[in-house]
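What follows is calculated from the coordinates using simple rules that are stated; it is not laboratory data. What you see is a predicted model; the values in this text were computed from it and never measured. Glycine also receives a Cβ, built like all others from the backbone with ideal geometry; neighbour counts cover every protein chain displayed.
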Amino acid sequence: MKSASVHRPRASNDPVTIREFKPGDEAAFRKLNEEWIALYFRLETKDEEALADPQSCVLASGGRIFFAAVEDQIVGCCGLLRSGADEFEVAKMAVDSSWHGSGIGRKLLHAVIEAARSAGARRLYWKRITSSRLRSACMSRPDLSTCQRTVLCRRHTRGRMCTWR
């Protein structure tokens, strides 16, 4: 599949396919995340490690990575990191900028949430980004932004962490 580097106008009737990571997806995973992080934040050492080797940093510990594809173009990705026996974290989510507002992020999040449930997760953490520059992305997920408990995330500098039970 082509990486997200090819931009074309999105069409509302384009079918989006959500699929899991397969060998060869490393470059698209890295490119989507680096572009998104560089646009709004700064690339941290932990990001560089995960993006350099998603197989050992995400998949080897029981995590999963999902991709959104339209035709032969990867337009989004989202990781599900295992942080404990029954705890997971949504991480490394990015959608190509030409596809923002198309619902791809929502589809990826729903796939990740369902995968966590299927794996027996009792808790699913998701860092809720509170940056005003990302207001539209945060506000577009009302069903995902309501948390039973919100705690300040001490491990990352990008926002808050939400817990679903």
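For the stretch 16-125, the mean projected area of the C-alpha convex hull, equal to one quarter of the hull surface, is 6.6 nm². Please name whichever of Ala69, Trp99, Ile18 sits farthest to the positive end of the charge dipole of the stretch 16-125, dipole taken about the Cα centre and charges placed at Cβ: Lys and Arg +1, Asp and Glu -1. Positive-end residue among those listed: Ile18.
About the Cα centre, and with charges only on the beta carbon of Lys, Arg (+1) and Asp, Glu (-1), how big is the dipole of the stretch 16-125? Nearest 20 debye, please.
The dipole of the stretch 16-125 has a size of about 420 debye.
For the stretch 14-86, the list of trypsin sites (Lys or Arg not before Pro) that fall in a loop by DSSP and count at most 12 other C-beta atoms within 10 angstrom reads Arg42. The aspartates and glutamates whose alpha-carbon is closer than 15 Å to the alpha-carbon of Lys127, local same-chain residues fewer than 8 away aside, are Asp47, Glu87, Glu89, Asp143.
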